[in-house]
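Right, one structure below, let's go through it.
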Amino acid sequence: MGTDMQIDARPESGPPHRHPIEFTASGSEYFRIWIVNLLLIVVTLGLYLPWAKVRKLKYFYSNTWVGGDALDFHGQPVKMLRGTLIAAAFLIVYSVGSNFSGWAALFAALAFVLLWPALFRASMRFRLANTSWRGLRFHFAGSTRGAYAAMLPPLALALLPVALAGALAGPTDSIKPGTLPVLATSLVGIGMTIFFLGLPYFLWRLKRYQHNHYAIGGLQTRLSADVGVLYGIFIKLMGLGFVAVVALLGVVAIFAFTGYASRKSGGGLGATFIILSFVLGIGGVFLLNVLPKSYLQVRLQNLLWSTTGNDLMRFDSQLKLKRYLPLQFKNYLLIFLTLGLYWPFAVIGTRRAQLEAVVLETRIALDDITQTAARENPTAAGDMAADLFGMDIGL
């Protein structure tokens with residue numbers, strides 16, 4: 001565990017001090033922020049996006065309390081606009097290029113793969129450098145080399161085979177007919193197979209890069225999660241998905257049998273068809289989307305945050321699936337029934353469940369940590385660099 005600075009107070013013996021995280025935002029307040037942001041983004045053709053993001057983050061951070069003090073966000077929308085324009089430029093170049101030439105799309109994908117890790121690191125530095133607690137700025141200590149080591153392999157495997165296949169499948173006179181589609185399909189198949197088999201490992205590398213480099217003052221966190229646990233989660237997720245598909249097929253069979261029985265008995269299908277279609281649709285969304293997604297979110301949050309910390313402070317996450325799953329089902333249902341207007345309330349409810357499941361545990365008093373961090377804050381130069389080169393790309 002890394003504690004790069006010298007803390008005057010030594011870790012205390014006995015149980016740690018526990019500081020629950022509180023989230024005091026309300027759905028009605030966030031609805032007003034959300035609807036105004038949405039309208040201004042539409043009116044300005046997207047240019048208001050950074051300002052909307054700052055309003056959202058300031059509201060969320062100011063309602064997130066740790067040890068009796070709220071977080072704060074200090075990012076400036078003008079600087080965030082730079083990251084937004086870069087991300088938009090990537091999308092436009094790729095979309096336009098792919099319409100003219102498969103090779104242009106390949107070069108755009110290659111540029112994305114080569115630049116995205118650096119942009120990701122810059123965004124992490126910007127976000128952390130503009131987040132404060134008790135007047136202390138956080139910072140992100142990850143290196144550019146670490147970002148490329150964590151992100152380059154999965155990005156290359158996921159994007160380049162598809163882009164290369166698109167380029168090779170284009171019209172050419174030098175290759176025999178039928179050869180290129182086979183080659184293109186093989187490239188995509190090999191790339192996707194390696195990507196999906198290695199997905200838990202790639203995710204572990206990425207999370208280790210992030211959680212190993214969160215810092216306040218000179219106090220840096222480390223992630224102690226084992227990659228094998230992550231593979232176990234994904235294997236159980238696949239089993240859950242298989243059970244969900246079987247259950248859905250069972251519902252479809254019941255639906256078909258009910259329709260057949262109604263027709264055989266001469267009964268009308270109208271009301272029965274509508275009711276069962278609704279039940280089938282809701283059941284399908286729940287089984288194929290809400291259930292696996294909620295399971296993954298709960299397991300990943302508990303694993304990653306309960307294994308993040310150092311000798312003096314660490315986190316403990318106890319998010320419960322039996323409470324989180326009904327909340328997500330209710331959110332999906334109400335978003336559907338209100339045509340999307342319940343979205344801000346769903347976001348607030350989800351964020352509250354996730355944050356209030358986390359407790360900060362410290363081996364010394366919070367005042368000792370913040371006083372020492374304030375004296376030995378090494379981030380002044382780092383914050384300036386983050387301000388100059390950092391940018392937000394919507395992470």
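The values are calculated or read from the model by the stated rules, or taken from the named source; none is laboratory data. On a predicted model such as this, the values are computed, not experimentally measured, just so you know. All Cβ positions, even for glycine, are placed from backbone atoms using ideal geometry, and neighbour counts span all protein chains on display. SASA here: full protein model, heavy atoms, side chains in, ligands and nucleic acids out. Shrake-Rupley method; radii C 1.70, N 1.55, O 1.52, S 1.80 Å.
Meeting the requirement of 2 or more residues that are over 30 Å from Asp316 (Cα atoms) and modelled with pLDDT of 90 or more, the helices (runs of 4 or more DSSP H) wholly within segment 169-282 are 179-197. A count restricted to segment 110-154 and to residues that are over 29 Å from Leu219 (Cβ atoms) and open to solvent by less than 10 Å² (accessible area, probe 1.4 Å) stands at 1.
For segment 321-373, name all the residues that are closer than 15 Å to Leu291 by Cβ and either in a loop (DSSP other than H, G, I, E, B) or of a type in the set (S, T, N, Q) (or both).
Gln328, Asn331
Scanning segment 302-324 for residues that are over 16 Å from Arg208 (Cβ atoms) and of a type outside the set (A, V, I, L, M) returns Asn302, Asp311, Asp316, Ser317, Gln318, Lys320, Lys322, Arg323, Tyr324.
Scanning segment 296-323 for residues that are free of Cβ contacts under 8 Å to residues at least 24 places away in the same chain and surrounded by fewer than 16 Cβ atoms within 10 Å (Cβ to Cβ) gives a single hit, Lys322. Failed condition for Glu356, given (1) open to solvent by less than 70 Å² (accessible area, probe 1.4 Å); (2) modelled with pLDDT of 95 or more, with all others met? Tallying (1) open to solvent by less than 70 Å² (accessible area, probe 1.4 Å); (2) modelled with pLDDT of 95 or more, Glu356 fails exactly one: (1).
Filtered by the rule that a residue be open to solvent by 50 Å² or more (accessible area, probe 1.4 Å), touching a helix residue (DSSP H, G or I) at 6+ places or on another chain (Cβ under 8 Å) and at pLDDT below 90, segment 35-48 gives a lone residue, Leu47. Filtered by the rule that a residue be under 25 Å from Asp72 (Cα atoms) and touching a strand residue (DSSP E or B) at 6+ places or on another chain (Cβ under 6 Å), segment 8-57 gives His17, Arg18, His19, Pro20, Ile21, Glu22, Phe23, Leu57.
Could you figure out which of (1) of a type in the set (Gly, Ala, Ser); (2) closer than 24 Å to Trp343 by Cβ; (3) at pLDDT below 95 isn't true of Ala111? So the condition that Ala111 fails would be (2). Annotation note: of Arg18, Arg32, the sole residue that is within 25 Å of His211 (Cβ to Cβ) and either modelled with pLDDT under 90 or open to solvent by 90 Å² or more (accessible area, probe 1.4 Å) (or both) is Arg18.
Quick one: what pairs do we get from segment 150-164, first residue closer than 17 Å to Arg121 by Cβ, second hydroxyl-bearing (Ser, Thr, Tyr) and buried (at least 18 other Cβ atoms within 10 Å of the Cβ), C-beta under 7 Å, 6+ apart or different chains? From segment 150-164, the pairs are Ala150/Tyr209. Based on this model, can you work out whether Gly83 counts as assigned to a loop (DSSP other than H, G, I, E, B), out of contact with any His (no Cβ under 6 Å at 6 or more places or on another chain), within 25 Å of Leu206 (Cα to Cα) and open to solvent by less than 60 Å² (accessible area, probe 1.4 Å)? In short, no.
Being of a type outside the set (Lys, Arg) and free of Cβ contacts under 8 Å to residues at least 12 places away in the same chain is a property that holds for Pro326.
The combined condition, being in contact (Cβ under 8 Å) with a residue 12 or more places away in the chain, in a helix (DSSP H, G or I) and out of contact with any Gly (no Cβ under 7 Å at 6 or more places or on another chain), is not fulfilled by Leu91.
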